[in-house]
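Single-structure report; data block below.
The values are calculated or read from the model by the stated rules, or taken from the named source; none is laboratory data. Since the model is a prediction, treat every value here as computed from it, not as a measurement. Here the Cβ is made from the backbone with ideal geometry for all residues, glycine too, and neighbour counts use every protein chain on show. Heavy atoms of the whole protein, side chains included, go into the accessibility calculation; ligands, DNA and RNA do not. Shrake-Rupley method; radii C 1.70, N 1.55, O 1.52, S 1.80 Å.
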Amino acid sequence: VPSRQIVERQPRMLDFRVEYRDRNVDVVLEDSSTVGDIKHILENELQIPASKMLLKGWKTGDVDDSTVLKSLHLPKNNSLYVLTPDLPPPSSSHSGALQESLNQNFMLIVTHREVQREYNLNFSGSSTIQEMTLAVSGLTFPCHRLTVGRRSSPVQTREQSEEQCTDVHMVSDSDGDDFEDATEFGVDDGEMFGVASSALRKSPMMPENAENEGDALLQFTAEFSSRYGDCHPVYFIGSLEAAFQEAFYGKARDRKLLAIYLHHDESVLTNVFCSQMLCAESIVSYLSQNFITWAWDMTKEANRARFLTMCTRHFGSVVAQTIRTQKTDQFPLFLIIMGKRSSNEVLNVIQGNTTVDELMMRLMAAMEIFSAQQQEDIKDEDEREARENVKREQDEAYRISLEADRAKREAQEREMAEQFRLEQIRKEQEEEREAIRLSLEQSLPPEPKEESTESVSKLRIRTPSGEFFERRFLASSKLQVVFDFVASKGYPWEEYKLLGTFPRRDVTQLDPNKSLLEVKLYPQETLFLEAKE
């Protein structure tokens, strides 16, 4: 008996790429490590307390710090995300770039509508717009165009002002020289003034009265890339109905959530939301893995009305009314849609005033709801497919049984037809042989009598069955007469040999035109028949 070798299992190494905001950290651990070990490594790398981290991206169920990685059955390479909802978001994901932007000067070209004048104002990147610095506001560097106009009434309440105008309130942190032209607006240095954001773009995100949704989305994607760079969600090119088809109507395992991004160029939140939220690497990656993303531009009234019509048709009047009542500065909007058996459900409407972490958490919350529904759909689909497979197998077995019965029946019919054909041939051959036999029998010369004065040969012939028959022939008769006589008894010379005994010879090989006397079958001879091979 060969001895058993005990092989010690080598630990399996797992690779993790962990994404936190705009940073990526690579972690390599043995599969015997725990989730908490990953957090301790990230704590040193990210300088974030492990207790403040939410480590997301696991493909399995509940995971806590004590979970052993081996129990999760993970692949070699894995991608995870870190969320820190309890920590305030940083002012910028790139501190070096932010500091550089804060130290740069922005040229604001402000057009005063009432007096039709244009002013060039210099501000540092640390100047603020509604508590947001110019460096992170999304304004074009180094030059940006704005339009300023007066409020309709100086005694409006704050709520009335927000309802009747879309002004941005900018506070200047610069000295008096920067505002040497500001008195033209009727405000003093450091006082709030209204600036309507109407940044002049080279082209709109989407053509007005867009007829073909696919063409409109092509322009939207191109313009979005031009403004915010190539790192952005992959927008579905096609109609909203086609996006539904792609997201909801495949196999249950392949279905995804549908994210609808509603853009608005006149909202003060748009630039920040697009550049810092939608273009964040973690958001782009998560959307591409789990969502079909479709977009629409609500800036033009015609396009806005068209989307509200589509929204009413697909989601109902309540959702359409919700979007209709959104104010300009609440845009952009992000709608999360889940396809259901009877209708499409809007899981969430996310407004533009959010952070990357909050947006990610709301996307993940929607995914949890979707995943639960997807598992039910997969179970139902698997059961339905199992039933259909059983039915197909039964139908196939029944078809094979019918085919076998049909083949058996056809074989029997062919066999019967063949037997009938052979029987007909046999009958025809017997009839033909009988006709030949009768013809030969009738053509034989009469048997000479014993007292005949002519020479008579008496032949005794033994059949293969042992029977004998005798006949007298004139010695002058030809050998052919004997052959005809034997054939008339049912033994044609083509099938039987006529053999002599002493000496043993094959009489059928002799010349049939010779007489019996010449072939020495006189005065008497005993012959026997033998079938030819």
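Take the solvent-accessible surface of the protein heavy atoms, probe 1.4 Å, and return the percent of it on region 279-324 that carbon and sulfur atoms account for.
Within region 279-324, the accessible surface is 52 percent carbon and sulfur.
Please list, in order, the residues from region 487-521 whose amide nitrogen is less than 13 Å from a point placed 7 Å along the Cα→Cβ vector of Lys458.
In region 487-521, the label zone of Lys458 (backbone N under 13 Å from the point 7 Å along Cα→Cβ) covers no residue.
Quickly rank 421-432, 489-500 as a protection proxy: mean count of other C-beta atoms within 10 Å, highest first.
Working: 421-432: 10.0, 489-500: 16.4.
Put in order of decreasing packing, that is 489-500, 421-432.
With every protein chain present, what is the per residue accessible area of region 431-490 (1.4 Å probe, Å²)?
Per-residue value: 61 Å².
Put Val234, Val482 in order of accessible area, largest first, 1.4 Å probe: what do you get?
Values: Val234 115, Val482 0 Å².
Output order, biggest surface exposure first: Val234, Val482.
Please work out how much accessible surface Met338 shows to a 1.4 Å probe, ignoring ligands, DNA and RNA, in Å² rounded to 10.
Met338 has an accessible surface of roughly 10 Å² with all protein chains in place.
Tell me, in nm to one decimal, what length is gained between Gln419 and Thr67 on full extension, where the rule is 0.36 nm per residue of separation less the Cα-Cα distance?
So the extension gain works out to 118.7 nm.
Please list, short to long, the whole-number percent of alpha-carbon pairs of region 214-337 in consecutive 5 angstrom bins beginning at zero.
2, 10, 20, 25, 21, 15, 5, 1, 0
Express in whole angstrom the spacing between the alpha-carbon centres of region 282-330 and region 62-88.
Rounded to whole Å, the Cα centres lie 33 Å apart.
Take the residue pairs Lys256/Lys300; Lys449/Lys514; Lys52/Lys76; Lys56/Lys251 and return only those whose Cα atoms are more than 24 Å apart.
Lys256/Lys300; Lys52/Lys76; Lys56/Lys251
Step by step: find N for region 273-394, compute 2.2 N^0.38 Å, then divide the Cα radius of gyration by it. What's the final number?
Working: Rg = 18.0 Å, N = 122, 2.2 N^0.38 = 13.7 Å.
Here the Cα radius of gyration is 1.32 times the empirical estimate.
Short version: ³J(HN,Hα) in whole Hz for each residue of region 45-57, in order, from phi by Karplus 6.51 cos²θ - 1.76 cosθ + 1.60 (θ = phi - 60°), x for Gly and Pro, what are they?
Values, residue by residue: 6, 9, 6, 10, x, 4, 5, 8, 8, 10, 8, 10, x Hz.
Under the rule of at least 5 residues apart or a separate chain, name every residue whose amide H is placed under 5 Å from the amide H of Leu527.
So Leu527 has HN proximity to Arg460, Ile461, Arg462.
Once the convex hull of the C-alpha atoms of region 384-514 is built, how many Å³ does it hold per residue, rounded to a whole number?
Working: hull volume 22.2 nm³, N = 131.
Considering the Cα atoms of region 384-514, their hull volume per residue is 169 Å³.
Rounded to the nearest whole Å², what accessible area per residue is found for region 292-400 with the 1.4 Å probe? Write down the numbers at each step before the final one.
Working: 5670 Å² over 109 residues.
That works out to 52 Å² per residue.
Choose one of Ala411, Leu333, Asn389: the residue whose Cα lies farthest towards the positive end of the charge dipole of region 312-417 (beta-carbon charges +1 Lys, Arg; -1 Asp, Glu; about the Cα centre).
Leu333
How much net charge surrounds Lys532 when only the other residues with a Cβ under 13 Å from the Cβ of Lys532 are counted, with Lys and Arg +1 and Asp and Glu -1?
That sum, taken over residues with Cβ under 13 Å, equals -4.
Let me check against my output: what whole-number percent is the relative contact order of region 377-493, with C-alpha pairs under 8 Å and at least 6 apart?
Result for region 377-493 is 20 percent.
At a probe radius of 1.4 Å, what is the per-residue accessible area of Asp265, in Å² to the nearest 10?
50
With point charges of +1 on the Cβ of Lys and Arg and -1 on the Cβ of Asp and Glu, referenced to the Cα centre of region 214-301, which listed residue (Ala252, His264, Tyr235) lies farthest in the positive direction of the dipole?
Sorting the options by dipole projection puts first Ala252.
For Thr147, list long-range residues whose amide hydrogen, built 1.01 Å from N in the peptide plane, is under 5 Å from its own amide hydrogen.
Amide H neighbours of Thr147, under 5 Å, 5+ apart: Thr111, Ala196, Ser198.
Step through the residues of region 209-216 one at a time and calculate ³J(HN,Hα) from phi using the Karplus curve (6.51 cos²θ - 1.76 cosθ + 1.60, θ = phi - 60°), rounding each to whole Hz and writing x for Gly and Pro.
In residue order, the calculated couplings are 6, 4, 8, 9, 5, x, 5, 4 Hz.
What length, rounded to one decimal in nm, is gained on full extension from Ser476 through to Asp37, with 0.36 nm per residue of separation minus their alpha-carbon distance?
Extending this stretch completely gives an extra 145.2 nm.
With θ taken as phi - 60° and the coefficients 6.51, -1.76 and 1.60, list the Karplus ³J(HN,Hα) couplings across region 343-354 in order, rounded to whole Hz; mark glycine and proline as x.
7, 9, 10, 8, 6, 7, 10, 9, 8, x, 7, 9
Could you give the distance between the Cα centres of region 333-370 and region 404-432, to the whole Å?
77
Taking the Cα-to-Cβ direction at Glu266 and at Glu451 and moving 7 Å from each Cα, how far apart do the two end points lie in nm?
15.2
If we count every other residue with Cβ under 14 angstrom of Ile425's Cβ, Lys/Arg +1 and Asp/Glu -1, where does the sum land?
-2
If each residue of separation counts as 0.36 nm, what is the full-extension length gain between Ile436 and Met13 once their alpha-carbon separation is subtracted? Could the numbers behind the result be given before it?
On the way: separation 423, 0.36 × 423 = 152.28 nm, distance 9.89 nm.
Using 0.36 nm per residue and subtracting the Cα-Cα distance, I get 142.4 nm.
Ser457's amide H: which non-local residues (gap 5+, or another chain) put their own amide H closer than 5 Å, with H modeled 1.01 Å from N in plane and none for Pro or chain starts?
Phe473, Leu474, Ala475
Where Lys and Arg each count +1 and Asp and Glu each count -1, what net charge lies around Thr312 among other residues with Cβ under 15 Å from its Cβ?
+3
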